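Here the structure is laid out as structure tokens; the discussion comes afterwards.
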Amino acid sequence: MEEEILQITAEESGERIDALLARSVPELSRSAAQRLLEEGLVTLLGKPVRKNYRCAAGDCFELVLPEAEEVPLIPQDIPLDVVFEDRDLIVVNKPRGLVVHPAPGHPDGTLVNALLFHCGDSLSGVGGEKRPGIVHRIDKDTSGLLIVAKNDFAHQALSAQLQDRSLSRTYEAVARGGFREDAGTVDRPIDRHPTDRKRMAVVPGGRPAVTHWEVIARYKGYTHLRCRLETGRTHQIRVHMASLGHPLLGDAVYGAPSPEKGLEGQCLHARRLKFLHPRSGEPIELETPLPDYFLDVLARLGPQIG
């Protein structure tokens, strides 16, 4: 993999450059962005940018992402909130801010590093060397339930349930604006954005994507939603809600201001999982409560309306 050069334009004045970079490049943390700034890999009009620089609207930065170094996966004693575990699988409640697997800018400190410490060698190899056991992913700033397979048999069985849609995933989110209807379905194909390869978009001819949504509560300027995935495309709920004109609160990548209501990054929580145990066939349904950050956002929205 050769180094990659990205062009990033600031749309608003006043945002710190490290925050802009972390928001614009998926899975690039602010600390990783600061390291790139310190190494002179971010320039404006050909000159290196200071890491505390505050952007002006229209600033066009050039970011050089160096070739990723192969870093061996190491177990790390990172606390895990284990919701379910047996010899075949483990389900964890991932906190927001934790990256699922190593990626450029995040060589360690990920959920995979924590799983290697917790499970030892008991993780499937189907997901590849860098993603052992990972059946499905959720974004860094999305919290909630995630299934991890401990052996190839379980991984293949759970992946099959993802394909035939018998594995059900339900999220809660806060979206901007009010919805006229109480429930609905978004059936719009998703693929890479035609000009910004770091984002996804509704694209004619893209991969089929279906999200079912319903209103939980209405607030002035915002709506608390329940979203059930029928498919599992990258950023699916975020892209579908933005396509309706209702980007998720805090999701600056897809059109909402950030920070918003004290939150940087999307307000999205993977709350429920329903699947068949890969070995016994027994139905399993798991649920985790809304985390503190989500409850804090709801409290900031004021009284419910309607």
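Every number here is computed from the coordinates shown, using simple stated rules; none is lab data. Since the model is a prediction, treat every value here as computed from it, not as a measurement. Please note: Cβ atoms are built from the backbone with ideal geometry, for glycine as well, and neighbour counts cover all protein chains shown.
With the charge dipole of the chain set up from +1 on Lys and Arg Cβ and -1 on Asp and Glu Cβ about the Cα centre, the Cα lying farthest toward the positive end among the listed residues Ser143, Ile5, His277 is that of Ser143. Largest mean-square fluctuation among Glu181, Glu214, Glu38, in a Gaussian network model of the chain whose springs join Cα atoms under 10 Å apart, belongs to Glu181.
Estimated from helical segments only, the mean residue ellipticity of the chain at 222 nm is -5000 deg cm²/dmol, where each DSSP H run of four or more residues counts as -39500 (n - 2.57).
With Rg and the Kirkwood Rh both taken from Cα atoms, where does Rg over Rh land for region 165-306? Before the final figure, lay out each step's value.
Numbers: Rg = 15.6 Å, Rh = 15.8 Å.
Checking Rg against Rh, the ratio lands at 0.99.
Rank Asp141, Asp296, Asp18 by mean-square fluctuation in a GNM of the chain with C-alpha springs under 10 angstrom and give only the top-ranked residue. Between Asp141, Asp296, Asp18, it is Asp296 that shows the largest mean-square fluctuation.
Could you work out how much longer the chain between Glu11 and Glu282 gets when fully extended? Use 0.36 nm per residue separation minus the Cα distance between them, nm to one decimal.
Details: separation 271, 0.36 × 271 = 97.56 nm, distance 5.07 nm.
Stretched out fully, the Glu11 to Glu282 stretch lengthens by 92.5 nm.
Can you put Lys198, Lys261 in order, fewest other beta carbons within 10 Å first?
Values: Lys198 14, Lys261 17.
Final ranking by Cβ density, sparse to dense: Lys198, Lys261.
Values (i) 22.6, 73; (ii) 20.4, 73; (iii) 19.8, 61 are given for comparison; Rg and Dmax of the Cα atoms in Å, derived from the coordinates here, is the one labelled (iii). Considering only Glu282, Glu230, Glu260, the Gaussian network model of the chain with Cα springs below 10 Å gives its largest mean-square fluctuation to Glu282. Taking Cα centre as origin and charging only the Cβ of basic (Lys, Arg, +1) and acidic (Asp, Glu, -1) residues, the dipole magnitude of the chain rounds to 900 debye. Put in order of Cβ neighbour count within 10 Å, fewest first, the listed residues Asp139, Asp86, Asp164 become Asp164, Asp86, Asp139. Rounded to the nearest whole angstrom, the semi-axes of the ellipsoid equivalent to region 69-164, taken from the Cα gyration tensor as √(5λ), stand at 19, 15, 13, largest first.
Dimensions of region 233-306 along the principal axes, based on C-alpha atoms and rounded to the nearest Å, stand at 46, 27, 26, largest first. From least to most packed, judged by other beta carbons within 10 angstrom and beginning with the fewest, Met200, Met241 follow the order Met200, Met241.
Ignoring solvent entirely, what values of log10 I(q)/I(0) come out of the Debye formula for region 4-65 at 0.20 Å⁻¹ when each Cα is a single scatterer? Log10 I(q)/I(0), no solvent term: -0.64. Label-to-label distance, Val203 versus Ser168, with points set 7 angstrom from Cα along the beta-carbon direction: 3.2 nm.
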